[in-house]
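Engineer: One structure, as structure tokens, below. Some questions next.
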Amino acid sequence: MTALYRDIVLAHHRSPRRYGELAQPSHASEGVNALCGDSLHIELCVDAQGRIREYAFRGECCAIATATASMLGEAVQGLSAAEVAPLQQAFAALIAGQQPVLALGELAALAELARYPARRKCALLPWATLAAALGGQAQTTTEKDTA
Amino acid sequence: MSPAFDPLRYRADFPLLSRRVHDKPLIYFDNANTAQKPRAVIAAVEEYYRDYNANVARAVHSLGEQATAAYEGTRDKLAAFLNAGGRDQIVFTSGTTQAINLVAYSFALPRLQPGDEILVTQMEHHANIVPWQLVAGRSGATVRAAPIDDDGVLSLDRFEALLSSRVKLAAVAHVSNVIGTANPVAAIAKLCRARGIPLLVDGSQACPHQRVDLQAIGCDFYAMTGHKLFGPTGTGALWARREHLQAMPPFFGGGEMIRTVSFDGTVFADPPHKFEAGTPNIAGFIGLGAAIDYVQGVGLDRIQAYETELLAYATAALDSVPGLRLFGRAPHKAAVLSFLIEGVHAHDLATLVDHEGVALRSGHHCAHPLMQRFGVPATARASLAFYNTRDEVDAFIIALDKVRRLLA
């Protein structure tokens, strides 16, 4: 029906990877977009070197947020917080219609969001939640507009 | 017997309805959000700016007189439209929200004491909750909500049980913007009057869909908006009983609401002008006058009869979609259908059907407490008007089926 919901996005929505919880997470955060009704929980195991060793998410989200959270787990495997930040910026640039400075792998499938400004916050929610978890913040949102 | 209602005849009056979206014919099902405008409204606004743009109520030149006559003419039209009693009981506002806030600050706040209550219902729009919370916060009063059942029907018994001597004002939607329930406002007004409790009715969603007779309802305040009634945005009105308008102090001060001003004291104009400080949305109200003429021309009774039939058709069609849950099955309701499809988030649904040309609203519809009542974060909502057709409902159902196959 639309290029936004391409096969790879739908595949991640239907069978999200790393969906569930970790036995002993070292970091966790909650992302909630109350206006949309999206809520997402991300758990991480970060090693002594500060690298993401394990990632799991769960929650009730739209297909765009779910697919992003699913792809994100793969993309940030083994990265440190300092390495996640530029990737997050590259993704934000991509979905704002700019050329990303870093390769984004499967996440590049969400480039079509450039044409859906109202839906960008959905794809940014897992990123913000991951950043919050790494930064020790219990909760975050990507809704800054009003109801 | 009146001739059959032909929506296609009226569609032709709405230029926007012939446009395409994503190369599909537009199916505009977001009428509870805002309605489209007939050519007569667009022309009235344009004519004012082109031919007689002037301020109202203060210019003695020809343009000013013409503008004032057209602008004040809308007050007469609205008074007749609502069977308001007198034109002096119609206070122009920017919409329902401003009308309710005016009552909250000018009428309720000076009367509220700690321990008092304002009674609303679980199905209210935020505009009929938040202003009361704000004045309750300032006065030590509390806002309570009368419950609704699983079909979205307000229980009159439970509403009555909550009308204690602590309740200093009740505020109820005439028609719910989310689930379409049409509340028995005349019966509610009777309960309130028997106890001397002033009642405000939020008429935003009622005016476009049914005849509103304020003399028959018997409430104290009635708030409405113009843009859902096929008029311009930034127009609306508060109707109130004369004794309330006399007693209420002005809320905004400025020009156009005074008789004389001196530093020893200012004498205010009589209602309704007492509440209308500053230069108003002149073009908008002239457009609203054209909208009222238009709707009167179609006929509210015919609109209601047609929409009731279209609602029954759309309800049956939605009930045939596997995994679809419809919220709100009140026996008396307007053509508003809130729903969810299992496994499909409301926002994905709205984005996807937009690609089929269907404009829907998704989200909480400015009614968080109602979403909580049904235990869902958001719904998709199709809200119909008299220019919608069965063919559009059919195309919408096909679009929903595509979405369901894609996501669910």
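The values are calculated or read from the model by the stated rules, or taken from the named source; none is laboratory data. Because the structure is predicted, anything quoted here is derived from the model rather than measured. With ideal geometry, Cβ positions are generated from the backbone for all residues, glycine too; neighbour counts draw on all protein chains shown.
Engineer: Got at least one residue in the stretch B:180-194 being in contact with a Lys or Arg (Cβ under 9 Å, 6 or more places away or on another chain) and not small (Gly, Ala, Ser)?
Structural biologist: Yes, that holds for at least one residue.
Engineer: Could you run through the stretch B:182-191 and say how many residues are crowded, with 24+ Cβ neighbours inside 10 Å and closer than 14 Å to residue B:169 by Cα?
Structural biologist: Residues flagged as crowded, with 24+ Cβ neighbours inside 10 Å and closer than 14 Å to residue B:169 by Cα within the stretch B:182-191 amount to 1.
Here's the yes/no breakdown for (1) under 28 Å from residue B:127 (Cα atoms); (2) aliphatic (A, V, I, L, M); (3) modelled with pLDDT under 95:
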{"position": "B:279", "(1), (2), (3)": "yes, no, yes"}
{"position": "B:282", "(1), (2), (3)": "yes, yes, no"}
{"position": "B:293", "(1), (2), (3)": "yes, no, no"}
{"position": "B:305", "(1), (2), (3)": "no, yes, no"}
{"position": "B:318", "(1), (2), (3)": "no, yes, no"}
{"position": "B:324", "(1), (2), (3)": "no, yes, no"}
{"position": "B:333", "(1), (2), (3)": "yes, no, no"}
{"position": "B:359", "(1), (2), (3)": "yes, yes, no"}
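Engineer: On to the next question. Can you confirm whether residue B:334 is over 30 Å from residue A:122 (Cβ atoms) and not assigned by TED's automatic domain parsing to the domain that holds residue B:253?
Structural biologist: Numbers: over 30 Å from residue A:122 (Cβ atoms): yes; not assigned by TED's automatic domain parsing to the domain that holds residue B:253: yes.
When the stated conditions are applied, residue B:334 passes them.
Quick grid of which residues meet (1) modelled with pLDDT of 95 or more; (2) within 30 Å of residue B:34 (Cβ to Cβ); (3) out of contact with any Asp or Glu (no Cβ under 6 Å at 6 or more places or on another chain); (4) surrounded by fewer than 20 Cβ atoms within 10 Å (Cβ to Cβ):
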{"residue": "B:105", "(1), (2), (3), (4)": "yes, yes, yes, yes"}
{"residue": "B:116", "(1), (2), (3), (4)": "yes, no, yes, yes"}
{"residue": "B:129", "(1), (2), (3), (4)": "yes, yes, yes, no"}
{"residue": "B:134", "(1), (2), (3), (4)": "yes, yes, yes, yes"}
{"residue": "B:145", "(1), (2), (3), (4)": "yes, yes, yes, yes"}
{"residue": "B:165", "(1), (2), (3), (4)": "yes, no, yes, yes"}
{"residue": "B:179", "(1), (2), (3), (4)": "yes, yes, yes, no"}
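Every residue, every condition in (1) under 21 Å from residue B:208 (Cα atoms); (2) not basic (Lys, Arg), yes or no:
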position: B:39; (1), (2): yes, no
position: B:45; (1), (2): yes, yes
position: B:50; (1), (2): no, no
position: B:53; (1), (2): no, yes
position: B:60; (1), (2): no, yes
position: B:63; (1), (2): no, yes
position: B:76; (1), (2): yes, yes
position: B:82; (1), (2): yes, yes
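Engineer: Can you tell me which of (1) more than 28 Å from the chain's Cα centre (by Cα); (2) farther than 30 Å from residue B:354 by Cβ; (3) not aliphatic (A, V, I, L, M) is the one residue B:49 doesn't meet?
Structural biologist: (1)
Engineer: Moving on to the next point. Which one of A:90, A:56 is over 30 Å from residue B:370 (Cβ atoms), hydrophobic (A, V, I, L, M, F, W, C) and buried (at least 20 other Cβ atoms within 10 Å of the Cβ)?
Structural biologist: A:56 is the lone residue from the list that is over 30 Å from residue B:370 (Cβ atoms), hydrophobic (A, V, I, L, M, F, W, C) and buried (at least 20 other Cβ atoms within 10 Å of the Cβ).
Engineer: Name the one entry in B:26, B:102, B:16, B:78 that is assigned by TED's automatic domain parsing to the domain that holds residue B:356 and under 23 Å from the mean Cα position of the chain (by Cα).
Structural biologist: Among B:26, B:102, B:16, B:78, only B:16 is assigned by TED's automatic domain parsing to the domain that holds residue B:356 and under 23 Å from the mean Cα position of the chain (by Cα).
Engineer: When you scan the stretch A:123-146, do you find a residue that is over 29 Å from residue B:378 (Cβ atoms), buried (at least 22 other Cβ atoms within 10 Å of the Cβ) and away from chain B (no Cβ under 13 Å), even just one?
Structural biologist: no
Engineer: Of all residues in the stretch B:232-284, which are among the acidic types (Asp, Glu) and under 30 Å from residue B:31 (Cα atoms)?
Structural biologist: B:276
Engineer: In the stretch B:142-169, how many residues are part of a loop (DSSP other than H, G, I, E, B), under 18 Å from residue B:329 (Cβ atoms) and aliphatic (A, V, I, L, M)?
Structural biologist: Matching residues across the stretch B:142-169 total 1.
Engineer: Being over 20 Å from residue B:80 (Cβ atoms), touching a residue at least 60 places away in the same chain (Cβ under 8 Å) and outside any helix (DSSP H, G or I), is that true of even one residue in the stretch B:221-242?
Structural biologist: Among the residues of the stretch B:221-242, at least one is over 20 Å from residue B:80 (Cβ atoms), touching a residue at least 60 places away in the same chain (Cβ under 8 Å) and outside any helix (DSSP H, G or I), which makes the answer yes.
Engineer: Just give me the residues in the stretch B:4-20 being outside any helix (DSSP H, G or I) and without any contact (Cβ under 8 Å) to a residue 12 or more places away in the chain, in sequence order.
Structural biologist: Of everything in the stretch B:4-20, those that are outside any helix (DSSP H, G or I) and without any contact (Cβ under 8 Å) to a residue 12 or more places away in the chain turn out to be B:4, B:6, B:12, B:19.
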